[in-house]
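Trainee: Mind having a look at this structure? Questions to follow.
The values are calculated or read from the model by the stated rules, or taken from the named source; none is laboratory data. All values reported here derive from a predicted model rather than from experimental measurement. Neighbour counts run over all protein chains shown; Cβ positions are idealised from the backbone, glycine included. Calculation scope for accessible area: heavy atoms of the full protein, side chains included, ligands and nucleic acids excluded. Shrake-Rupley method; radii C 1.70, N 1.55, O 1.52, S 1.80 Å.
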Amino acid sequence: MEWNGLVQEIVETFNKQGCAIIPDFLDQQKVSELLGEASNLLSQLDVTTHPMTVFSTGTGEEKKHIGDDYFLTSGDKIRYFLEEGAVKIPQSNNSNDGSGNGEDIKPQLLVPKERAVNKIGHGIHMHSKPFEGITLNEDVRQLAREVGMVDPLVLQSMLIFKQPEIGGEVPPHQDSTFLYTSPKQSAVGFWFALEDCTLENGCLEYLPKSHVVPVTKRMVRNPAGSGTVFIDVASDTVTDRDHPTSSPSNDAESNDESEDLALQRRFGAYVPIPVKRGSLVLIHGNVLHRSKPNLSPDSRWIYTFHCIDGQYDYDERNWLQPTKESPLTKLF
């Protein structure tokens, strides 16, 4: 893209507000190419082998383990995660003899599979040439340099579809909660609009200047079993929040809402970010952001990835772990 002397303004806005918008970062031909690639990836979903296709009766532990493994090993793969409102889970046909040996049951997709996917992740840039091309390019490198990254490492690349009429709400969160580095938080999100993102279809909303808020919770791999848990950073103990793919307890949900309202009293209301396709939104890892459900007839497709700075420690407790075969991707 032609920067036209906007780099300093973009960086100043990012540093001051915790978020910066760059319209027309991608040209329309490139956006169309990426939309075609996203559609191609959606078409490759095989619902007959997807782990969420078959639910075992009984305790449910087998289902939970398979789902956790599918998520936790997705950092260098293309994996499909379904929209909650797109799947109907039938009632169990478990036997009444106390054995728990009922028949396996299958959920039913309420919409075509291409409209059932919430996101594809979390290593798209490792497997798709078109998305690798907009992730590992000189414009992105320049932005990373300008915001002060010394050794940016790419991780958690994904397509998020915000499906029409069923696209779920994303509650307020800080990306650094999920991509924790120490002694300083270093995550930066690169968020590309592949379609127009509007007030009606669930555009991003953020709390300006909230990137000064420290991260008090982080999501880690569960040391006591499968899946993940949230821990309190100060005490290093498990909090009362549930697995992020589940609903939190009533008490935890109430506490989170109270914290969010307190932050809004401090920083003001959330600011919507409607953007046109081709725009890039740069998101500080500590800034509070969210999106409302998509109840409109229009989808809201986006591609996003994150960078952390390799000069800081990214420990083995983070949910996404590199492997010897697939280390985190160096941007420089």
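Trainee: Quick one: in the range 70-107, of everything that is hydroxyl-bearing (Ser, Thr, Tyr) and at pLDDT 55 or above, which residue is most open to solvent (accessible area, probe 1.4 Å)?
Mentor: SER92
Trainee: Looking at the range 160-185, I want the residues that are under 19 Å from GLU316 (Cβ atoms) and in contact (Cβ under 8 Å) with a residue 40 or more places away in the chain and have a partner that is in a strand (DSSP E or B) and open to solvent by 50 Å² or more (accessible area, probe 1.4 Å) with Cβ atoms under 7 Å, at least 6 apart or on another chain. Which pairs are those?
Mentor: Matching pairs, first to second residue: THR181/ASP313; SER182/ASP313.
Trainee: Filter the range 205-240 down to residues that are of a type in the set (A, V, I, L, M) and open to solvent by 60 Å² or more (accessible area, probe 1.4 Å), then give me how many there are.
Mentor: 4
The rows are residues; the columns are (1) over 19 Å from the mean Cα position of the chain (by Cα); (2) among the β-branched types (Val, Ile, Thr); (3) within 19 Å of THR13 (Cα to Cα); (4) part of a strand (DSSP E or B).
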| site | (1), (2), (3), (4) |
| --- | --- |
| GLN142 | yes, no, yes, no |
| MET149 | yes, no, yes, no |
| GLN163 | no, no, no, no |
| SER176 | no, no, no, no |
| LYS184 | yes, no, no, no |
| GLY189 | no, no, yes, yes |
| PHE192 | no, no, yes, yes |
| ASN201 | no, no, no, no |
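Trainee: May I pose another question? Return the only residue of LYS330, LYS292, LYS324 being within 18 Å of the chain's Cα centre (by Cα) and either basic (Lys, Arg) or surrounded by fewer than 16 Cβ atoms within 10 Å (Cβ to Cβ) (or both).
Mentor: LYS292
Trainee: Counting just the residues of the range 278-332 that are in a strand (DSSP E or B) and of a type in the set (D, E, K, R), which one comes out nearest to GLY202 (Cα to Cα)?
Mentor: ARG290
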